[in-house]
Amino acid sequence: MKVHWERFHVYAHFSTINNLNDTSMYPDNEPIIEQLDLPFEELMMRMERDDFRGKSSLTIRIGDANDLIREIDDQSVDLIATDPPYGINFEKNEWDEPDRLNWHELATHFKRVLKPHGNLIVFQGWSYVAETKTILDQYFTIKNWIIYDRVKGRGAKTNFVSTREDILWYVMDEKIHVFNKIDSTIKKKTGGMGLKNGTKYRALSNVWTDISPIVPWSKERVKHPTQKPVSLMNRIVEVFSNPNDLVLDPFMGSGTTAVSCQILGRHCIGFEKNPEYYQIILERTKQ
Ligand SMILES: C[S@@+](CC[C@H](N)C(=O)[O-])C[C@H]1O[C@@H](n2cnc3c(N)ncnc32)[C@H](O)[C@@H]1O
C-alpha cells in the first residue's frame, strides 16, 4: 500500500471557547501561518520546540490505521480519542467490518504511543462494548464508562429505541492522567441545579444528555453516516487533554476530532482509510 503525506498545516492557536455547545464556533477565519509536508519524525521534533507552542497543527493521512499507527513514536501522544467502526454493519457500510479490527494489536500500539499521563477514549455501541472492554482492560486502567445519549435513534416495534453510545475512558496511570474537570448544566430530575461552593453548578456525571445530536438540518452536518457532534468532541478534547497536547484519532471518519483540535488549540494526527471521507476531512478543516 502506498502511504503518502497529504498535508501538514500549522494554524494559529485558537483560544478555548467558553460555550462548548456552540457548534457555530469554527475557526474558518483564522490565518494559516505555515503549510508544510512533514514526516512524523519532524512533527515530533517540532513538538519539542518552544516556537511550536501556542500553535495548533493537523496531520491527516489516508490509509489503514493498523499500518499507520506503527509509524508513531513511543510515548508521544497525550490523548487518543476515537470512534472506531462499531461492528454492527450499520446500513451495510463497508467501513463497519468488525473482523478487521484486531483490538489486541491496536491496544498494544495505543499503549506504546501514549505518554505516561495519557488518556484513551474509545466510542462503542452497546452490542460490542463488553467485548472490546474485556480486551482493553488487559492493557489499561478503566477510569469510567460514559453514556452519551444521542436522543435520536431508530424506532423498533419489538425493542427499545437505541439512543446510547458507550464511551470507555482508560488511563495509563491512575495517579497522573489529565482530567480538566468541567461543570454540568444538566437539570437534576430531583429539581434544582444543586449548589456547590456557592455556585449553581455541580460536577458533570458520566451520563451525558446535554449534547444535541447531528440531525439532517444541523449546520455542521456532512456526508458521513456516523458523524459525531463537534460539541461532543470538544468536551472530550477539553477534559482529557491540555492546549498544545498531541491528540490522535486513528478512525477519523468526517474529522470531527480534528475540528475540535483546531478549535481548542491541540495538535492532531488522524487516519482515515476511505478516500471520500478523507476529502470531507480536508474540506471541514480547510482554513
Ligand atoms: C464510526 S466512523 C468515525 C466517525 C467520526 N467520529 C465522525 O465524527 O465523523 C469510523 C471511521 O473509521 C474508518 N475506518 C474503518 N476502518 C479503518 C481502518 N482500518 N483504518 C482507518 N480508518 C478506518 C471508516 O471509514 C469510518 O469513516
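The values are calculated or read from the model by the stated rules, or taken from the named source; none is laboratory data. Bear in mind the structure is a predicted one, so any value in this text is a computation, not a measurement. Glycine gets a Cβ as well: all are built from the backbone with ideal geometry, and neighbour counts include every protein chain shown.
Structure values in brief
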{"item": "Pair list, Cβ under 7 Å, 6 or more apart: the stretch 56-74 residue assigned to a loop (DSSP other than H, G, I, E, B), other residue of a type in the set (Phe, Trp, Tyr)", "result": "Gly63/Phe271; Ile72/Phe40; Asp73/Phe40"}
{"item": "Scope the stretch 145-172; condition part of a loop (DSSP other than H, G, I, E, B) and either loosely packed, with under 10 Cβ neighbours inside 10 Å or modelled with pLDDT of 90 or more (or both); matching residues", "result": "Arg154, Gly155, Ala156, Lys157, Thr158, Asn159, Phe160, Thr163, Met172"}
{"item": "The stretch 243-281: number of residues that are away from the ligand (no atom under 13 Å from the Cβ) and in contact with a Gly (Cβ under 8 Å, 6 or more places away or on another chain)", "result": "3"}
{"item": "Condition broken by Asp78, with the remaining ones in (1) away from the ligand (no atom under 15 Å from the Cβ); (2) among the charged types (D, E, K, R); (3) surrounded by fewer than 20 Cβ atoms within 10 Å (Cβ to Cβ); (4) modelled with pLDDT of 95 or more satisfied", "result": "(3)"}
{"item": "Condition met for Ile142 (at pLDDT 95 or above, in a strand (DSSP E or B) and closer than 21 Å to Gln227 by Cβ)", "result": "no"}
{"item": "Of all residues in the stretch 81-108 being among the acidic types (Asp, Glu) and outside any helix (DSSP H, G or I), the one that is modelled with the highest pLDDT", "result": "Asp83"}
{"item": "Of the criteria (1) among the hydrophobic types (A, V, I, L, M, F, W, C); (2) over 22 Å from Arg150 (Cβ atoms); (3) surrounded by fewer than 19 Cβ atoms within 10 Å (Cβ to Cβ), which one Leu246 fails", "result": "(3)"}
{"item": "Any hit, the stretch 125-138, residues being assigned to a strand (DSSP E or B) and modelled with pLDDT of 95 or more", "result": "no"}
{"item": "Among residues of the stretch 211-237, those that are part of a loop (DSSP other than H, G, I, E, B), buried (at least 17 other Cβ atoms within 10 Å of the Cβ), more than 9 Å from the ligand (Cβ to nearest atom) and of a type in the set (A, V, I, L, M, F, W, C), counted", "result": "1"}
{"item": "Test: residue in the stretch 173-190 that is at pLDDT 90 or above and of a type in the set (Val, Ile, Thr)", "result": "yes"}
